[in-house]
1. Note down, for segment 156-323, the three equivalent ellipsoid semi-axes (square root of 5 times each alpha carbon gyration tensor eigenvalue), biggest first, whole angstrom.
2. Compare T257, T199 by solvent-accessible area with a 1.4 Å probe and give them largest first, with all protein chains kept in place.
3. Residues of segment 156-323: accessible area per residue at 1.4 Å, in Å²?
4. Name the residues whose placed amide hydrogens come within less than 5 Å of the amide hydrogen of V128, ignoring near sequence neighbours (fewer than 5 apart) on the same chain.
5. Just name one of P35, V285, V178: the one whose Cα is farthest towards the positive end of the charge dipole of the chain (beta-carbon charges, Lys/Arg +1, Asp/Glu -1).
6. For Q225, what charge total do you get from the other residues with a beta carbon under 13 Å from its beta carbon, if Lys and Arg give +1 and Asp and Glu give -1?
7. Summing +1 for each Lys or Arg and -1 for each Asp or Glu, what net charge is found among the other residues whose Cβ lies under 12 Å from the Cβ of T71?
8. What is the distance in Å between the Cα centres of segment 285-326 and segment 1-63?
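The values are calculated or read from the model by the stated rules, or taken from the named source; none is laboratory data. Since this is a predicted model, take the numbers as computed values, not measurements. Positions of Cβ are backbone-derived with ideal geometry, glycine not excepted, and every protein chain shown enters the neighbour counts. For the accessible areas, the whole protein counts, side chains as well, though only heavy atoms, and no ligand, DNA or RNA atoms are used. Shrake-Rupley method; radii C 1.70, N 1.55, O 1.52, S 1.80 Å.
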Amino acid sequence: MTKPVRVAVTGAAGSIDYSLLFRIASGDLLGKDTPVILQLIEITPALQALEGVAMEINDCAFPLLQDMVLTDDLKTGFDGANIALLVGGMPRKQGMERADLIKANGPIFTGQGKAINDNAADDVRVAVVANPCNTNALIAMHSAPDVPNERFTAMTRLDENRAKSQLAAKAGVPVSAVKNMGIWGNHSNTMYPDFFNATIQGKPVTEVIDDHEWLKGDFISTVQQRGAAIIKARGSSSAASAANALIDHVRDWFTVTPEGEYHAMAVPSDGSYGIEEGLIYSFPVRCDGKGGYEIVQGIELNDFSREKMKVTEKQLLEERAVVADLLK
Ligand code: NAD
Ligand code: LMR
């Protein structure tokens, strides 16, 4: 049997993880042939609730689940981890922007980054979900100087999925017909869902959908504001769709991206498209199936797109300035 993969997950008693952990243990993340060990990390007051979640996971009798560790100790939690999913942190409430969480959640990522640096496996890959996820990933990356920067990512796959679903509904096609729905920038109200380069049944979106005013206006703002709309409707932030997007993010990171396609992942900028090097910025990426990825080059950008990309870059620069003391 293959060696088990150690998946460390923070916020393990929280809402997103309640939709996530069962899917990891059932093989949705890494395939039906890969055994997993779940290393579940929580803050001390939530350990009792975590016990309850673990009881339910046990009661599923997942054949792939080899072991489960429940802990409030970061060293134990990240020990030997091959994949670290940083979900734990405060979610926003109605009326807040994601960046408002920066002071509450940012400091979590210095300790977690350091613990990953000191304890995780040499091949560790990190995906940050807790908001503001791009900047939290930046903090974790800076706190883990021995881990290659490109191992730190933040999740914009939920935005890609939301954008695909909106386009499919407008065009009256199944969502699987929509490809290359790139998201540029921050997972925030400034992100830019790049419909100009997306396709529907292989044709440019702008050829299939005549209503360009909708694409430039309501489509973009619906995707940018979707998190807030869900908080308003549900009373709490998206959870099952976020867990699903995280499964997509990590599974596709370890899958060869089909020829000619790409997905959205927030990764450290290498200066591509003139974006400030080092920022965790969402780009269209292609993955090599072995945990490597490349930022797709040569994507055509018009003035409309370039302007939107700059707005979201500026917001990330501002977030970085706010947490400058955590980036030492
Ligand atoms: P939740 O409040 O239901 O659960 C969060 C859990 O994290 C809690 O159990 C809490 O005890 C735990 N936690 C807090 N600090 C921790 C720490 N230092 N170490 C370990 N665990 C800790 O929240 P949720 O709905 O699961 O959302 C979690 C985060 O994900 C929020 O910040 C939310 O804004 C974010 N989010 C991001 C996306 C995205 O697309 N990137 C989507 C949805 C939600
Ligand atoms: C989302 O996009 O649903 C999450 O980031 C939660 C939020 O605060 O919007």
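1. Values: eigenvalues 92, 77, 65 Å².
Equivalent ellipsoid semi-axes, largest first: 21, 20, 18 Å.
2. These residues rank, largest area first, as T199, T257.
3. 42
4. Amide H neighbours of V128, under 5 Å, 5+ apart: L86, T153, A154, M155.
5. V178
6. Details: positive: R92, R98, R162, R226, K232; negative: E97, D159, D218.
Counting the neighbours of Q225, the net charge comes to +2.
7. -4
8. What the calculation gives is 31 Å, centre to centre.
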